[in-house]
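Participant: First the structure, then my questions, so here it is.
Nothing in this text is a laboratory measurement; each read-out follows from the coordinates by a stated rule. Bear in mind the structure is a predicted one, so any value in this text is a computation, not a measurement. Note: ideal-geometry Cβ built from the backbone for every residue, glycine included; neighbour counts use all protein chains shown.
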Amino acid sequence: MKIIISSSLLLASLLVVSCGENKEKANSSAADTTQIATTDTATEKTFAISLVNNKKDPTCGMPVTAGISDTAHYENLVLGFCSTECKNEFLKNPKASLAAAEITKPTN
């Protein structure tokens with residue numbers, strides 16, 4: 001009888017230990033997925049220089065060849081900006097900073 005009880009207790013303890021390991025693996029997999037999702041959402045969009053009608057960011061003056069993260073349509077032009085913050089600043093008073101953009105002719 002003692003052998004049956006001892007065997008049952010041993011099997012039960014093995015079952016508890018093995019279930020705990022699966023939960024740890026599941027938790028670490030969930031953490032890995034969260035980290036990957038965070039990394040994916042942190043990436044910025046970039047646009048081709050040929051799509052915009054300006055050589056420089058109208059707000060900060062950075063050349064668009066350095067990278068375009070956001071765009072805006074203004075008076076039949078597509079303007080590229082180095083960041084969303086620069087775009088938002090431009091949209092507050094577009095005429096004030098349009099001259100700094102070094103506009104090229106729109107391609108039809």
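Participant: For a quick protection proxy, order the peptides 88-100, 67-79, 51-63 by their average other-Cβ count within 10 Å, most packed first.
Facilitator: So the peptides 88-100, 67-79, 51-63, ranked by packing, come out 51-63, 67-79, 88-100.
Participant: Go through Thr59, Cys86, Ser69 and say which Cα lies farthest out towards the positive end of the charge dipole of the stretch 49-101; charges sit on Cβ, +1 for Lys and Arg, -1 for Asp and Glu.
Facilitator: The residue sitting most towards the positive pole is Thr59.
Participant: At 25 °C and a viscosity of 0.890 mPa s, what translational diffusion coefficient does Stokes-Einstein give for the stretch 49-101, taking Rh as the Kirkwood radius over Cα pairs? Give it in µm²/s as a whole number.
Facilitator: 235 µm²/s
Participant: Would you mind checking the stretch 65-84 for residues with the amide N under 20 Å from a putative spin-label position 7 Å along Cα→C-beta of Ala100?
Facilitator: Under cut-off, by backbone N: 65-75, 77-84.
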